[in-house]
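Data first, discussion second: the structure below is written as structure tokens.
Bear in mind these aren't lab numbers, they're just calculated from the coordinates by the rules spelled out. The model shown is predicted, which means the values in this text are computed figures rather than measured ones. Note that we place each Cβ from the backbone using ideal geometry, even for glycine, and neighbour counts take in every protein chain shown.
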Amino acid sequence: MNFKCPVCKKEWNSSLQVARHMFGTGDKPHKAWIDEQGKDKGFTFIDLMIEQATTPGNKSYVTVAELIEKAQGKL
Ligand SMILES: [Zn+2]
């Protein structure tokens, strides 16, 4: 199954790759999508970027990958 970027609709075969793409792109629409998802969860795009850069592992990517998976049905 392919996973679509909820913003630009590009596809990858894993949600983690889409998460990496979202951080890598980091333009306004991609940032805004992550900020919107984090509103009720208490994080922002910048928070996740900092966490990814300062802690070992892929925690931020995994968080965003899960949101991307949940969003697939609405794309
Ligand atoms: Zn995208």
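Given +1 at the Cβ of Lys and Arg, -1 at the Cβ of Asp and Glu and no other charges, the dipole of the chain around its Cα centre is 200 debye to the nearest 20. With 0.36 nm allotted per residue and the present C-alpha distance subtracted, the residue 41-residue 72 stretch has 9.2 nm of extension available. Among 7, 18, 62, the ranking by other beta carbons within 10 Å of each residue's beta carbon, starting with the fewest, stands as 62, 7, 18.
Okay, helix-only estimate at 222 nm for the chain: each DSSP H run of n ≥ 4 adds -39500 (n - 2.57), divide by all residues, round to 500 deg cm²/dmol; what do you get?
Numbers: 4 runs with 45 residues, N = 75.
Using -39500 (n - 2.57) per qualifying helix, the result is -18500 deg cm²/dmol.
Think of each Lys and Arg Cβ as +1 and each Asp and Glu Cβ as -1; about the Cα centre, that makes the dipole of the stretch 34-75 roughly 100 debye.
Phi angles across the stretch 59-75 convert, under the Karplus curve 6.51 cos²θ - 1.76 cosθ + 1.60 with θ = phi - 60°, into 3J(HN,Hα) values of 3, 5, 4, 5, 4, 5, 4, 5, 5, 5, 4, 5, 7, 4, x, 9, 8 Hz, Gly and Pro given as x.
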